[in-house]
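Structure record follows, encoded as structure tokens.
Every number in this text was worked out from the coordinates using simple rules, so none of it is lab data. Computed from a predicted structure; not experimentally measured. FYI the Cβ positions are ideal-geometry reconstructions off the backbone, even for glycines, and counts take in every protein chain you see.
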Amino acid sequence: MSAAISFFDDDARRGSRLDSLTRWVAETAAHTQPDSIHWCDGSDAEIAALNAQMAKDGTLLALNGQTHPRSWLHRSDPSDVARVEHLTFVCTRDPDDAGPNNHWMAPAEGHARMDALFAGCMRGRTLYVIPYCMGPIDSPLSRCGVEITDSPYVVANMRLMTRMGAAALARIEREGRFVKGLHSTGELDPDRRFIMHFPEELSIKSFGSGYGGNALLGKKCHALRIASWQAREEGWLAEHMLIVGIQNPQGQTHYIAAAFPSACGKTNLAMLIPPESYRQAGWKVWTVGDDICWMRPGADGRLYAINPEAGFFGVAPGTSEKSNPNALTTIGHDTIFTNVAVTDDNQPWWEGLDKRVPAKDWQGRDYDPANGPAAHPNSRFTVSARQCPSYSPHAEDPQGVPISAIVFGGRRGSLVPLVFEARNWTHGVLVGASMGSETTAAATGAVGVMRRDPMAMKPFCGYNFADYFAHWLSFDQAGARLPKIFHVNWFRKGADGQFLWPGFGENLRVLEWMIQRVEGTAEAVETPVGRLPPPGAIDLQSAGVSAAAAEELFGVDRPGWIAEFREIQNYLEDYGVRMPDPLGVEAARILGQLMD
Ligand code: GTP
Ligand code: SPV
Ligand code: MN
């Protein structure tokens with residue numbers, strides 16, 4: 001093995017706080033046997049060289065440079081197109097610490113399995129060392145990590161999604177502490193694929209996938225599964241939430257954090273364009289983050305949030321000039337597209353973009369509708385957040401932004417109203433804990449199956465959900481000025497199978513009611529399940545919603561809710577004695593009121 005180290009030489013690092021990092025890199029190299037080692041510095045020259053190399057070997061295909069300057073298409077292996085929840089494990093000494101919400105393996109067994117897969121796996125390849133920072137480089141809320149990978153595509157994505165390179169390495173040297181992520185694409189054999197987490201060691205091992213959350217270890221593996229564990233120990237929250245600033249015509253901005261499961265509208269809400277009348281009145285929307293939110297109580301008792309990511313790994317299908325013009329502008333240049341289709345003039349294309357007919361599908365075949373959608377339903381764009389026209393001027397504030405409201409929401413074709421407010425923090429935690437949603441293409445497996453997805457964290461909480469709910473409840477302390485909690489459902493369908501609510505930009509009408517509730521200027525109607533806006537509080541007519549649809553969107557179907565709460569009670573009981581009592585008490589109280 002010729003270890004060509006291109007960042008700084010061994011002598012400079014010896015004896016510094018980077019010792020443990022250099023040792024880990026050397027041990028990993030000895031085990032995985034790469035041809036060479038490359039320390040990523042995050043420079044423009046570095047990425048230019050990597051892109052040129054990937055263009056040469058076919059990993060990246062250049063897109064139309066006129067319409068999409070400096071943008072690329074990557075086609076992943078057709079068996080490797082989404083997160084693999086059944087192959088994702090949390091390895092804790094005590095299985096109860098991982099909880100029934102995770103697949104568990106003993107740490108020694110997890111390491112043994114992974115080490116066997118990694119043995120010699122980088123022969124003929126380059127080992128890349130990616131130092132990265134999740135969150136603004138100068139924020140006390142940020143945390144660092146290092147990903148070792150043999151995939152240059154992962155390097156290119158991590159460069160857009162995190163603060164990667166020399167500045168992160170300097171912070172790691174200062175702090176001496178970082179999350180270790182080891183990744184290899186292996187042979188992309190679905191039978192030799194695992195995503196393994198060791199929260200007690202702050203480490204991750206991922207083998208056999210090059211896709212998204214399986215491979216970009218800063219994202220779901222670090223910023224959610226490992227960070228949720230760290231957050232509980234340190235008194236903060238790591239959540240699967242967008243962060244959006246809503247500026248009213250008086251110039252005040254309220255920040256809202258919203259947890260929706262994968263492919264349920266976070267990117268879209270984070271980049272919302274107000275309806276015309278709101279724009280004219282002076283409303284503005286500011287994007288802080290579209291997927292992950294780290295929050296911590298500030299000195300004034302409010303929760304302050306940062307977006308640990310620096311870019312968007314967004315769902316392409318459905319993104320259009322009508323649904324999300326901000327996203328479309330964002331991805332107009334310097335973007336990596338993965339598994340989208342292309343037109344005959346080599347522009348990226350996906351279902352819902354426009355009326356053109358694509359030339360090649362996501363697998364590079366001549367487009368034939370008989371083969372299914374042209375773009376894979378989980379095809380994605382990777383792009384720097386700084387290219388987003390609505391990117392908030394406060395998105396990189398080291399202290400974060402204060403959160404006025406937390407919103408939970410799922411994809412529910414029936415029962416759940418467009419919006420309701422929780423009575424208090426405990427009720428709000430129950431609302432989050434009992435969330436249900438229909439599955440999507442963001443993970444492998446059946447689509448459209450209703451399952452419990454508490455706080456949109458089912459695939460991402462690195463520890464026992466019962467302990468996680470207790471951690472959430474613990475924020476309700478003397479001196480705390482907690483956000484109000486709401487639940488929304490943009491996906492309610494009528495008897496004809498069509499959505500009852502137009503969604504997208506019109507969602508601002510619902511956010512406006514929430515903000516007025518926070519400010520104490522809007523009314524609400526008490527129901528057993530929560531507080532609903534009274535008729536007229538949200539202008540549905542201007543949103544094009546008929547009176548009949550409105551009735552359905554705001555109805556409380558008692559027998560339906562009784563059945564729902566019985567299911568919720570069973571779900572909570574599955575967690576046994578660790579489940580905090582207040583949630584069961586709250587659920588029983590609501591069920592009692594529903595049956596009155
Ligand atoms: P992840 O990146 O997987 O975490 O997804 P996400 O939560 O960011 O979802 P995204 O905003 O990318 O939306 C996913 C799908 O939901 C797209 O097909 C959107 O068009 C659709 N969608 C988003 N917002 C709405 C809405 O308000 N109403 C309806 N009906 N569909 C929506
Ligand atoms: C999600 O599935 O919630 C995503 C995409 O944001 S991935 O990075 O693959 O997790
Ligand atoms: Mn997500």
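Taking only C-alpha pairs under 8 Å that are 6+ residues apart, what is the relative contact order of region 59-211 in percent?
24
For region 212-336, take N as its residue count and report Rg(C-alpha) divided by 2.2 N^0.38 Å. Could the numbers behind the result be given before it?
Values: Rg = 15.7 Å, N = 125, 2.2 N^0.38 = 13.8 Å.
The reported ratio for this selection is 1.14.
Could you grab the relative contact order for the chain? Cα pairs under 8 Å, six or more apart, rounded to a whole percent.
Details: 1305 pairs, mean separation 83.8, N = 596.
After rounding, I find 14 percent.
For region 119-205, what does the relative contact order come out to in percent, with C-alpha contacts under 8 Å and a separation of six or more? Don't jump to the answer; show the numbers that get you there.
Numbers: 128 pairs, mean separation 25.1, N = 87.
Relative contact order here is 29 percent.
If each of residue 546 and residue 365 carries a label point 7 Å out from its Cα toward its Cβ, how far apart are those two points in nm?
4.0
What residues of region 260-298 lie in the reach of a label at residue 516, counting those whose backbone N is under 19 Å from a point 7 Å from the Cα along Cα→Cβ?
274-285
Find how much the distance from residue 450 to residue 577 grows on full extension, using 0.36 nm per residue of separation minus their present alpha carbon separation; answer in nm with one decimal.
Values: separation 127, 0.36 × 127 = 45.72 nm, distance 2.58 nm.
Answer, rounded to one decimal: 43.1 nm.
First measure r as the distance between the Cβ atoms of residue 280 and residue 493, then evaluate 1/(1 + (r/R0)^6) with R0 = 41 Å and state the FRET efficiency to the nearest 0.05. Could the numbers behind the result be given before it?
Values: r = 31 Å, r/R0 = 0.77.
Once rounded, the FRET efficiency stands at 0.85.
Given 37 °C and 0.692 mPa s, how large is the Stokes-Einstein diffusion coefficient of the chain in µm²/s, with Rh as the Kirkwood radius over Cα pairs? Please list the in-between numbers first.
On the way: Rh = 24.7 Å.
Roughly 133 µm²/s, to the nearest whole number.
Helix-only mean residue ellipticity at 222 nm, the chain, DSSP H runs n ≥ 4 weighted -39,500 (n - 2.57), per residue, nearest 500. What is it? Spell out each step's value before the answer.
Details: 18 runs with 167 residues, N = 596.
It comes out at -8000 deg cm²/dmol, rounded to the nearest 500.
With a cut-off of 11 Å, note down the residues of region 554-596 whose backbone N falls inside the zone around a label point 7 Å from the Cα of residue 94 toward its beta carbon.
578
So how far apart, in nm, are the two label points at residue 48 and residue 556 if each is 7 Å from Cα heading toward Cβ?
The modelled label-to-label distance comes out at 6.3 nm.
Among 355/484; 220/484; 322/493, which pairs are too far apart, with a Cα-Cα distance over 30 Å? Mind showing how you got there, number by number?
Numbers: 355/484 42 Å; 220/484 26 Å; 322/493 21 Å.
Distance filter (> 30 Å) returns 355/484.
Taking 7 Å along the Cα-to-C-beta vector as the label spot, tell me the residue 31-residue 137 distance in nanometres, rounded to one decimal.
The two pseudo-label positions are separated by 3.0 nm.
What FRET efficiency would be calculated for the residue pair residue 62, residue 585, taking the C-beta separation as r and a Förster radius of 60 Å, to the nearest 0.05? It would help to have the intermediate numbers written out before the result.
Values: r = 60 Å, r/R0 = 1.00.
Taking R0 as 60 Å, the efficiency between residue 62 and residue 585 is 0.50.
Evaluate E = 1/(1 + (r/R0)^6) for residue 596 and residue 252, where r is the Cβ-Cβ distance and R0 equals 35 Å; express this FRET efficiency to the nearest 0.05.
On the way: r = 40 Å, r/R0 = 1.14.
Calculated transfer efficiency: 0.30.
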